[in-house]
Amino acid sequence: MGLANKTIVFVAGLGCIGKDTCKALVKRNVKNLIILDRLDKPEIIDEIKKVNPKTNVTYQSYDVMAPVSESCKTLAKIFAKYKKVDVLVNGAGILDDHAIEKTIAINFTGLVNTTTAIMPFWDIRNGGPGGSLCNIGSVTGFNAIYQVPVYSASKAAVVSFTQSLAKLSKITGVKAYTVNPGITATSLVQSFNSWLDVEPCVAQKLLEHPTQTTEQCAESFAKAIERDENGALWKMDLGTLEPIKWDIYWDSHI
Ligand code: NAQ
């Protein structure tokens, strides 16, 4: 999909990967970029706006842990104003395996809720136009960092949920795919808790291995959104964008 003239809602567009991806998107002449984030950082919004003043960049405070009814209200306002949203990016995430319930609430339930809230506006069964859902998973959703099993499982859940939605596309008209970063130099991975402190030096050990920059990740991210491939599992690692082939071990036959 060419991104010029598209309207994109980006949940967590002010984080480290989010910010650089927003910049990569406005460089591609997106028409409207609506950033929803718990963070309120007007200086980052200004930075993104400066990259391409032709893109209309706006911000709204948004907490993915709020009840789904709140997400519905936020999205209703957005659709009332912009009429059409082409892409929803779900990117909120935390990494702290001491905070078990919060990890599931932000990384998984929040993403499911925001997705559920946008469906009535997009679903072709309601006469909607369809749309594209881009969910940020993680390479840990394919193969866990086993010292952070809660975080890794939350990302595996994102991958699984999104694969189901891709299969439901025939019914809903909504495409879905995941973008899965490898280790990217952001504040998220600088220092974090392992589950039950099984590895107190987990961040330090992880960062002994090669990482990618947020700019590299952002470029792959924007390319994946342009590709707009239903069901794609994109690995964005070490500056590359690569499709992952998922083996099938069982089939429901329905
Ligand atoms: P950063 O902490 O900068 O961004 C997190 C974003 O989530 C921020 O915008 C924050 O405000 C938002 N957020 C958190 N809680 C929220 C809430 N309740 N409501 C609304 N927004 C909320 O971290 P980042 O590294 O830029 O992470 C962005 C996304 O990429 C996250 O989903 C993260 O899980 C994912 N990711 C990051 C990395 C990495 O290396 N930085 C990786 C994969 C996926 C492989 C690697 C890992 O999985 C970490 C081990």
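The values are calculated or read from the model by the stated rules, or taken from the named source; none is laboratory data. A quick note: this is a predicted structure, and the numbers were derived from the prediction, not measured. We place every Cβ from the backbone using ideal geometry, glycine too, and count neighbours over all the protein chains shown.
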Can you find a residue in the stretch 125-146 that is touching a Cys at 6+ places or on another chain (Cβ under 8 Å) and over 24 Å from PHE192 (Cβ atoms)?
no
Could we say that VAL159 is in contact with a Phe, Trp or Tyr (Cβ under 9 Å, 6 or more places away or on another chain), closer than 17 Å to ASN107 by Cβ and in a helix (DSSP H, G or I) here?
yes
Go over the candidates PHE108, PHE79 one by one and state the one that is of a type in the set (Phe, Trp, Tyr) and either in contact with a strand residue (DSSP E or B) (Cβ under 8 Å, 6 or more places away or on another chain) or closer than 21 Å to SER138 by Cβ (or both).
PHE108
Could you tell me which residue of the stretch 179-204 is farthest from TYR151 (Cα to Cα), considering only residues that are away from the ligand (no atom under 12 Å from the Cβ) and in a helix (DSSP H, G or I)?
GLN204
So, SER152, is that one near the ligand (Cβ under 8 Å from one of its atoms), among the hydroxyl-bearing types (Ser, Thr, Tyr), part of a helix (DSSP H, G or I) and in contact with a helix residue (DSSP H, G or I) (Cβ under 9 Å, 6 or more places away or on another chain) or not?
yes
Within the stretch 1-42, track down each residue that is near the ligand (Cβ under 8 Å from one of its atoms), assigned to a helix (DSSP H, G or I) and of a type in the set (A, V, I, L, M, F, W, C).
CYS16, ILE17
Looking at the structure I just gave you, is ASN5 out of contact with any helix residue (DSSP H, G or I) (no Cβ under 8 Å at 6 or more places or on another chain), at pLDDT below 95 and surrounded by fewer than 21 Cβ atoms within 10 Å (Cβ to Cβ)?
yes
